[in-house]
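Visitor: The structure's right below; bear with me while I get my questions together.
The values are calculated or read from the model by the stated rules, or taken from the named source; none is laboratory data. What you see is a predicted model; the values in this text were computed from it and never measured. Reconstructed Cβ throughout: ideal geometry from the backbone, glycine too, with neighbour counts over all protein chains shown. Just the protein is used for accessible areas: all its heavy atoms, side chains included, with ligands, DNA and RNA removed. Shrake-Rupley method; radii C 1.70, N 1.55, O 1.52, S 1.80 Å.
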Amino acid sequence: MAGTSVFEVTASDKDSGLDGEIEFIVVNGGTPFSVDSGTGVVRVAANLDYETDTSYSLVIRARDKSTATRSVAEQTITVTVTDVNDVTVTCDSVATQVIPDPNSVNYVVATLACSDIDDPPTAVTYSILSEVALPSGTTTAVFSLTGSNLVLTGDPQNTRYLVTIEATDGTNSTQVEIVIITETQLRLTALTSPVTVDEGVSGNTLHIFNWTDVFPFARVTITSGNDDNKVILYSTSGDLVLLSPYDRETTGSYNYFVQASTSSNQVATTTLTVEVNDVNDNTPKFESSIYFVSISENAIVGTTIITLTATDLDSAAFGPVAQSIVSGNTDGDFAIDPVSGIVRQVKLLDRERTDSYTLILKATDQNNVSSTATLTIAITDINDNDPAFSQPVYEFNVDHNTGMGVSIGNLSVVDADDAVNAETDVVIDDAGVTGIFSLSGLQVETATIMDYEVVRRYSFQVKVTDKGATSRSGTARVVVNVLPATEEPKFDPVLDTITIDEGTLAGYQVYDLDATLLGASETDGTMKYSIMSETPAGGFTVRSDTGQVVSLVTMDYETSAKYDLTLQACIVLDCSIKKVDFTLTIAVIDINDNTPYFNDGSYSIQVEEIVNVSTVLDTIITATDEDNSSPFNVLTYTLTGTSTDFELVDSTSGAIKVANSLNFQSQSEYSYLLSVSDGGTPAKSAQVSVVIQVQDSNTNDPIFTTGSTTTVPDSSPVGSDVFHFHATDADTGPAGELSYGIIIDSSGGVFSLDPSTGILTTGQLLDAAVVPSYTLTIQVEDRGTPIRSAQSTLTITVESTVPNNNDPVFSPTVINVGLARDATFGTLVTTALASDADNGNSGELRHKIQAGNSDGYFAIDSQTGQITTVTSVLLANDAYTLTVVAKDNGVPQRSATATVSVVISPPKTTLTTVDYSWTVTENEDANTEVGRIDVDTGRTVTGTYAIELGNFANTFKISLNAGDSRGILEVNVPPDYETKPLFSLLVKVGTDIGDVYKVVQIQVVDTNDEPPVFAQSSYTLTLAENTPIGSTVETISYTDADSDSANRDNILEVKAPGTSLFTIDQLGHLTLLTSPDFESMSTPITFDVTARENKSPAVTATTVVTVNVIDILEEETVPSSDVTDDALISLELPYQSSNGHVLHTFKPGDFGIAESATATVEYVTVQAGDPFTIDTTGTITVTDSTLLTDATKYIRWVICRSTDGGVVTSRLSLIRIDTFDRDTQMIVIEFAESLTNLRNNIVNFKKRTQVFFSAPTRVGFAQTFDTSTSGARRRLLATQSVAYAYAVADTSADDIANLNQNKTFMTQEQLLAILQQSADGSPVAGLSDPSSLTVSTVQPFGSTATSNSFWKTPAGIAILVLITLFIVILVGFAVVCLLYRREKKK
């Protein structure tokens, strides 16, 4: 082994010192030996293996340690390796052995082959270590070893054995395991016959053939029965697989003959029968797709029309086939027997009503598989209708002296019958007119000369007869009027054109017709005039007797410049023949009767400030003159105004051009009057106001208005405000919208600047001891084109702070003080000074009047707490209650308040009233005039004007106007509304009779000088994907220091890319427009929300919103009784539910998450401002019942997060809650069992109740109650508990795809009709579950029914009978007494 000493090499050197010291090394490497360099001992360095190398030759070198030339000597050593028995016996593996049947003793089961590679090799001996039967493991003794042969020495009683044999060379050994199978008679086992399979399917395994498991080399095959190759049998696995579908209608049963065989030539056979199940794969069919029959219209009801036959190749399980009429039988004239197929007539027919029917017939099996056929029924005619004339009386006119054979009129005949039954003959059925009139077909003709003087009127009957087998007839009367001799009307000429002036009034005669040229008369009433057509209509009429054409309307050229009339004159007695037409054209002459006008009452036009001179404005104003002819519609334009910066292009249009260069700051708006006149005499004209607004261009640089230094405590947390940069820009619009940025930063990113608001905040913690100050260069730039900018440098001093452990303290906290009414500016009112026990910044206090100083009469020194007047209090109120707050500079900041009550005397009502009341705009420029002061009448100003009181911060100044001796009050320092909104000035002026005092009150008008400020400079939101549309996910708040409400009117806006996902209302509610989808969007999403003042110029603030969307595994099918597909959990409750009502408690299974006892589960939802709260345990509770309304749907998304063994599973589902009315849509089911028992069995009872309702109705229970106590609601003495039940009539609303669909609830009456046996509340049979819950009653909700009446018991009924008998006896006795008294009176 390694380290064993083998040999010691020795060497000597006669030198001394290093020259005589010797060291040893092995020269030839690669041998498993080493030498000790000092002693020369040769040792084994690695384990030796005789079987690899039997000897080694080592060259050992000895050398001295001389520092000069080293001397060496070498010696060769041969090392011989002796063999030891160290090699394990190796054996070949033995496969599973099979002992054939039959077998005999001494049968050699297997021969082992083991060897030993030691040299010399050692003989290997064998022994059986164990012999067990499988799988029981029982020890057996049926095998033995003869040398290396394993021999069968006994009768094997088991089918499988495991024999473990040890092979050893005396020192080392190895084990060999042999699995032995004893062959027995081959059998096919577990045969199931017959096997059934549906026709039309394939790919499924019909059967698996098994055989005795001792034959690993058995094979199975189909010997016959598979001629059509429908199946395949896998020979080794025994799987019989259907390759192609069966068709029961072709072959209904198969017998497969199967053989199993082994390598030892054993054979077993069996037969497998496969029965093919019928499926409804055949359509029932009629014998023909088209049928045609005919039937007489007088056929009697019940007549058989035709017998149809429909068959279905499927089995009787899908029959019988039902036949029906599906269309064409609108009036129900026919019926078909669904079984026999006999089509019968069921109503009387009428060919004249319907001459043919086309019926669509359908044959349907029991699975609603169907086919159709067409049956056409033709109705044959009978002569059942009389022929008839089209009218009962015909009246014709004929002229005097009309000759023979002249047609004077036509008759018309109809017969509703068909063919020969409709053929007719017409004759004159009156002998009195024989030879006077005749018929030619249906024409009435003269048979003699008509003479008006002899007969003026004829009347006779005509008769029509059909040609039916039994003829039918009809009559009519003909009246012929003989007309006297008259002349025909005539015009000459037959057309004319005239003119008429526009404005001619209605009733004016424009023309006189004359049609009397041939002798026709206008005076005897034989001729009349009429208008046959008029374009346009309604302008004129004609007098029928004289032919005078008269206007009906006042003539208007613009309405109609021409009228075309067709007039007619005719003989009254024969207008159809004796008539003549006349065409009259009337032209209207135009006059200047319309005033030109502009389409709009005024015009507002925008123009860019930098537009070039001579540019024509985009808006061209055009006037309209409704006169249609020249010169009345020729218009001339003029433009007048106070400025010549704009002018007309020319006088023919309203086009305006720029005449001079524009400057927005000098003049942003122009007003002009545009006039237009027409060419009439006199001319008509109109004017319109034109306002031209100059749009600001980027012509001004922004200007910083803030300082250059500030301080910040080093205890300020990250995100603290440091400085608010503010700049102004005289431009407006985008050119006036400013953006801030740091361009030189000595801090290296310690600070960050909001580009929109200009607010500088800390981005890191500060340390005054490390860096006491920073310098930043800030650039502000506008958004105009080109961009203009300005820079400002800010020095930031970092103050060292100490812990802030103590609140400031006022002593006292309430101060009452009086103040004289004549107190002037700067008068000390009182001192409200707080103290602070802290040191450093934490002990530095700032005092401020927080409330009660709305009109600005008082100010407080932030350091000393001294309260002084900032103006005269002459006009102040009589009393003020000031709230003073003291705040330290520590972190966190601490504060305290004190109340100061100031009473001013004498009362204000005794003082002089205000002489002047003026207003001045906040930040008004210095030297702006506010107003002028006059002295009293009769006085002369001899001195100067001076402001004696009230001039806070020297805001105003006054001077003498030499021209009129008035005092001019001007702005000295721009006023600030937020500092002092109201000034009361006492002005003194010297006059000839002494000083005069005037009281001036000046109200500062708030301007938009304070930007809106968001409560946070940024928001980070986390949303679950699929959060529903309309969900409010955050409230973003802001403030605006401007005092005037108009200046605090800001518009909140979401900027891109957030506009596609969110909207925001003016309360700051950030609401989803679309449902976020993690898979389709990149997160996080970052966008700006701006607060923009709703006026111009607008100041805008910005906050940054970052939205992270959580990926949720969308659960498509959630198994739960109260949960529906598509990740929708659908719940209901009465809208009258009260606070605290628990609607549901979620389980992980509701979300498709496996429940585990070791898992931690929590539920997360977005609070939606609805009536419900969902806590982290998954309990839904009503918390604001005032928000519950009837028939309302509430939507929530809920995430179930399960953590089990460090694995987190999150799934999201949509929660839908619908409300219903308990008074009309809920019933009460009462039980005899306790509430505990009811709640333990409510799920099963719900399933039991559901059986009484057909799909798609779903039953639910709103609440369960204990009624066993005296105070509970109860009806029966046996009642212990109740459940409130309802039913959703249509569960389609439970599908997430129908989320917008309203739920429909069954009414109380419908529920009772299903679950009540009778009106007394008895439950329907089968509703009770005898093993768990017994239903006492089923009642409407709110029923006032009492417990079972005593009068329904046998005792009660007996008493009722006795009472009834007693009443009958009393009535009988009363009747007898009455009769007795009556007889006695007689």
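Visitor: Looking only at segment 300-341, how many residues end up being farther than 21 Å from V369 by Cα and not small (G, A, S)?
Guide: Counting residues in segment 300-341 that are farther than 21 Å from V369 by Cα and not small (G, A, S) gives 12.
Visitor: Among the residues of segment 28-49, is any open to solvent by less than 50 Å² (accessible area, probe 1.4 Å), part of a loop (DSSP other than H, G, I, E, B) and at pLDDT 85 or above?
Guide: For segment 28-49, residues open to solvent by less than 50 Å² (accessible area, probe 1.4 Å), part of a loop (DSSP other than H, G, I, E, B) and at pLDDT 85 or above: present.
Visitor: Does D155 fit the bill of being open to solvent by 60 Å² or more (accessible area, probe 1.4 Å) and under 22 Å from V108 (Cα atoms)?
Guide: yes
Visitor: Let me ask another. So if I check each of G474, G432, which one is open to solvent by 40 Å² or more (accessible area, probe 1.4 Å) and in contact with a strand residue (DSSP E or B) (Cβ under 7 Å, 6 or more places away or on another chain)?
Guide: Working: G474 fails: open to solvent by 40 Å² or more (accessible area, probe 1.4 Å).
None of the others qualify; the one that does is G432.
Visitor: Any idea which of S560, S576, S630, S643 is open to solvent by less than 30 Å² (accessible area, probe 1.4 Å), within 30 Å of D496 (Cβ to Cβ) and either in a loop (DSSP other than H, G, I, E, B) or hydrophobic (A, V, I, L, M, F, W, C) (or both)? Walk me through how you get there before you give the answer.
Guide: Working: S576 fails: open to solvent by less than 30 Å² (accessible area, probe 1.4 Å); S630 fails: open to solvent by less than 30 Å² (accessible area, probe 1.4 Å); S643 fails: within 30 Å of D496 (Cβ to Cβ).
After applying the criteria, what remains is S560.
Visitor: Would you point out which residue out of Q693, Q687 is open to solvent by 30 Å² or more (accessible area, probe 1.4 Å), of a type outside the set (F, W, Y) and under 20 Å from V616 (Cβ atoms)?
Guide: One residue alone meets the criteria, Q693.
Visitor: Evaluate the following for I742: is it on the phi < 0 side of the Ramachandran plot and open to solvent by 30 Å² or more (accessible area, probe 1.4 Å)?
Guide: Judged against the criteria, I742 is a match.
Visitor: A further question on this structure: Suppose we filter segment 938-962 for residues that are touching a residue at least 40 places away in the same chain (Cβ under 8 Å) and open to solvent by 50 Å² or more (accessible area, probe 1.4 Å); how many remain?
Guide: Here the count works out to 6.
Visitor: Now a separate question. Which of the residues spanning segment 348-363 are more than 30 Å from F318 (Cα to Cα) and open to solvent by less than 20 Å² (accessible area, probe 1.4 Å)? Reasoning before the result, please.
Guide: Applying the first criterion (more than 30 Å from F318 (Cα to Cα)) to segment 348-363 yields 348-357.
Matches in segment 348-363: L349, Y357.
Visitor: Among the candidates V1161, V1208, V1198, single out the residue that is in contact (Cβ under 8 Å) with a residue 40 or more places away in the chain and either open to solvent by 40 Å² or more (accessible area, probe 1.4 Å) or within 30 Å of L1315 (Cβ to Cβ) (or both).
Guide: Matching residue, one of V1161, V1208, V1198: V1161.
Visitor: Sticking with this structure for a sec: Where in segment 242-321 are there strands (runs of 3 or more DSSP E), lying wholly inside it, with at least 2 residues that are acidic (D, E), more than 30 Å from V220 (Cα to Cα) and open to solvent by 40 Å² or more (accessible area, probe 1.4 Å)?
Guide: none
Visitor: Filter segment 590-610 down to the residues that are in a loop (DSSP other than H, G, I, E, B), polar (S, T, N, Q) and either under 27 Å from T699 (Cα atoms) or open to solvent by 60 Å² or more (accessible area, probe 1.4 Å) (or both) and list them by number. Spell out how you get there, then give the answer.
Guide: Here is the first cut: in segment 590-610, the residues in a loop (DSSP other than H, G, I, E, B) are 590-596, 599-601, 609-610.
With polar (S, T, N, Q) added as a condition, the list becomes 592, 594-595, 599.
T595, N599, listed by residue number.
Visitor: Now, a different point. Which of the residues spanning segment 864-903 are among the polar types (S, T, N, Q) and either in a strand (DSSP E or B) or surrounded by 21 or more Cβ atoms within 10 Å (Cβ to Cβ) (or both)?
Guide: Within segment 864-903, Q866, T868, T869, T871, S872, T881, T883, N889, S895, T897, T899, S901 meet the criteria.
Visitor: While we're looking at this one, here's another question. Restricting the search to segment 963-989, which residues are open to solvent by 10 Å² or more (accessible area, probe 1.4 Å) and of a type in the set (D, E, K, R)?
Guide: D964, R966, E970, D976, E978, K988 - these are the residues of segment 963-989 that are open to solvent by 10 Å² or more (accessible area, probe 1.4 Å) and of a type in the set (D, E, K, R).
Visitor: Can I ask one more? Inspect all residues belonging to segment 323-336 and state whether any of them is touching an Asp or Glu at 6+ places or on another chain (Cβ under 8 Å), part of a loop (DSSP other than H, G, I, E, B) and not basic (K, R).
Guide: Within segment 323-336, not a single residue is touching an Asp or Glu at 6+ places or on another chain (Cβ under 8 Å), part of a loop (DSSP other than H, G, I, E, B) and not basic (K, R).
Visitor: Can you name the residue in segment 755-804 that is among the small types (G, A, S) and not in a strand (DSSP E or B) and, of all such residues, is surrounded by the fewest Cβ atoms within 10 Å (Cβ to Cβ)?
Guide: Restricting attention to segment 755-804, the residues satisfying the condition of being among the small types (G, A, S) are 756, 758, 763, 768-769, 773, 784, 789-790, 792, 800.
Among the residues that remain, those that are also not in a strand (DSSP E or B) are: 756, 758, 763, 768-769, 784, 800.
Details: S756: 23, G758: 22, G763: 13, A768: 17, A769: 8, G784: 21, S800: 14.
The selected residue is A769.
Visitor: Something else about it: Any idea which residue in segment 646-671 is farthest from A686 (Cα to Cα), counting only those that are open to solvent by 60 Å² or more (accessible area, probe 1.4 Å) and either assigned to a strand (DSSP E or B) or touching a Lys or Arg at 6+ places or on another chain (Cβ under 8 Å) (or both)?
Guide: Ranking the candidates gives E669 first.
Visitor: Identify the residue in segment 1225-1247 that is open to solvent by less than 80 Å² (accessible area, probe 1.4 Å) and assigned to a helix (DSSP H, G or I) and, among all such residues, is nearest to P1134 (Cα to Cα).
Guide: Among residues in segment 1225-1247 that are open to solvent by less than 80 Å² (accessible area, probe 1.4 Å) and assigned to a helix (DSSP H, G or I), the one nearest to P1134 (Cα to Cα) is Q1225.
Visitor: What residue, of D861, D807, D836, is open to solvent by 20 Å² or more (accessible area, probe 1.4 Å) and in contact with a Lys or Arg (Cβ under 6 Å, 6 or more places away or on another chain)?
Guide: Answer to the selection: D807.
Visitor: Residues of segment 364-380 being open to solvent by less than 30 Å² (accessible area, probe 1.4 Å) and either out of contact with any strand residue (DSSP E or B) (no Cβ under 9 Å at 6 or more places or on another chain) or among the hydrophobic types (A, V, I, L, M, F, W, C) (or both), which ones?
Guide: Listed by number, the residues that qualify are A373, L375, I377, A378, I379.
Visitor: Does any residue in segment 477-505 that is within 21 Å of V572 (Cβ to Cβ) come within less than 6 Å, Cβ to Cβ, of a residue that is in a strand (DSSP E or B) and not hydrophobic (A, V, I, L, M, F, W, C) six or more places away or on a different chain, and which pairs are these?
Guide: V479/E395; V479/S459; V480/Y458; N481/N397; N481/R457; L483/N397; L483/D399
Visitor: Assuming D678 fulfils every condition listed in (1) surrounded by 21 or more Cβ atoms within 10 Å (Cβ to Cβ); (2) at positive phi; (3) not hydrophobic (A, V, I, L, M, F, W, C) apart from one, which condition is it?
Guide: (2)
Visitor: Also, I was wondering about something else. With segment 480-543 as the region, which strands (runs of 3 or more DSSP E) entirely inside it contain at least 1 residues that are open to solvent by less than 50 Å² (accessible area, probe 1.4 Å), small (G, A, S) and on the phi < 0 side of the Ramachandran plot?
Guide: The strands (runs of 3 or more DSSP E) meeting that bar are 527-535.
Visitor: Of the residues N383, N421, N329, only one is in contact with a helix residue (DSSP H, G or I) (Cβ under 6 Å, 6 or more places away or on another chain) and open to solvent by less than 70 Å² (accessible area, probe 1.4 Å); which?
Guide: N383
Visitor: So which residues in segment 443-470 are assigned to a loop (DSSP other than H, G, I, E, B) and open to solvent by 70 Å² or more (accessible area, probe 1.4 Å), if there are any at all?
Guide: Residues of segment 443-470 that are assigned to a loop (DSSP other than H, G, I, E, B), as a first pass: 447-456, 467-470.
Listed by number, the residues that qualify are I449, E453, V454, R456, K467, A469, T470.
Visitor: When segment 705-739 is examined, which residues are found to be open to solvent by less than 60 Å² (accessible area, probe 1.4 Å), at negative phi and part of a helix (DSSP H, G or I)?
Guide: A735, G736
Visitor: Right, next: Listed residues T1027, T1074, T1090; which is outside any loop (DSSP other than H, G, I, E, B) and either at pLDDT 75 or above or out of contact with any His (no Cβ under 7 Å at 6 or more places or on another chain) (or both)?
Guide: The match here is T1090.
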